[in-house]
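Throughout, read-outs are computed from the coordinates displayed, never taken from laboratory work. Please read these numbers as outputs of a predicted model, since none were measured by experiment. As a convention, Cβ positions derive from the backbone with ideal geometry for all residues, glycine included, and neighbour counts pool all protein chains shown.
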Amino acid sequence: MEVSEPVVGVRDLLVQVERAGICGTDVEFFTGDMAYLDSGEAQFPLRIGHEWCGRVIAIGESVDPKWLNKFVTSDTMLGCQQCARCKSGYQYLCADRDEVGIRRGFPGALAEKIVIPDFAVLELPDEMDPAVGAMVEPTGNALRAVDATNLKSGERLMIFGPGTIGILSALIAQQRGIEVHLVGVEEKSLIFAKQFGFAGVHLIGAIPQLEIHSIIDATFAEDIPDLALKLIEPGRSIVFIGISGTPSLIDSRTITLKDLKVRGILSASPGLAGAIELLSKKIIDPRPLIAGVVALEDSSEVLSGNRTGVKGNGPKIHIKP
């Protein structure tokens, strides 16, 4: 649909979107399954899209002129900047936050233009491929997940979920010398994952007996957290970054008796600067994960699962407005 021109506030930047990625959260909004719709934190109509990059074409009167024509992306989480959480470094957990294309109606990047407050904008290298620029946000999530494992080179990591976050996490860990095993339920996605040369790629019903030093759950499955508790070595770590549609049931006694460290990852926010550095230095290349790029008018087709015209088998589809 056509919408009116964005209004640029005094501390806002107007950005021409060059590329936007479709995330599992976007699909959940499209299907109506996103939990925020039930909680009232989001409602329709909503302009989705929070993985993006673009060029600054206008600025508010209180914004530094240096931002004009810069190639940028932004944080998804927009805290109030006034509360105790925001002032102590946890603005991404602000109770009064907006989330770009997700929470409280803040318009997202599946559009030709997007307005972002200056405190949330991050500069990208001018020569960066827009395909890479739109992968900063998922890479930030993956980086935080791998950091939370606290693994060293030579140790073993098992990742459940060969989607975008799972494979990005695996690529980051692999670059650190960590032995990576990826687990999934669909043969097609596992065949795709094998091209990256991970130590192991396994169907969930055929996981080998291994000493596992950390686990990342990057799935939407409610039964994986319990399985992770059973498989992990005592004294080690489990990282939860996927969110199931229904409650995940675990026995907290297992956490205590195995002396486990359990960590949840909500957003990319603290990992965005590190993700930009990883991608700028080409330590990992996320482009093989992009199955294809479609026009804005075709976004509803790919959101509904119709990949006709998308040639690749990767988990990520990009929109080029």
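Points worth noting:
- Normalised by 2.2 N^0.38 Å, where N is the number of residues, the C-alpha radius of gyration of region 231-321 stands at 1.54.
- Expected-Rg normalisation [2.2 N^0.38 Å, Cα atoms] applied to region 246-286: 1.84
- Taking a quarter of the surface of the Cα convex hull of region 26-144 gives a mean projected area of 8.4 nm².
- Mean separation of Cα contacts under 8 Å, 6 or more apart, over the residue count of the chain: relative contact order %: 18
- Alpha-carbon centroids, region 101-125 and region 1-45: separation in whole Å: 9
- A convex hull fitted to the Cα coordinates of region 148-219 yields 76 cubic angstrom per residue.
- Of the peptides 168-176, 273-281, the ranking by mean beta-carbon count within 10 Å, highest at the top, reads 168-176, 273-281.
- Scattering profile of region 83-215 at q = 0.09, 0.19, 0.23 Å⁻¹ [log10 I(q)/I(0), Debye over alpha-carbon scatterers]: -0.38, -1.10, -1.30
- Legend: Rg and Dmax of the chain, from Cα coordinates, 19.6, 61 Å.
- Across all directions, the average projected area of the convex hull around the alpha carbons of region 138-264 is 7.0 nm².
- Taking the longest Cα principal axis of the chain as reference, the axis of helix 136-149 is set at about 30 degrees.
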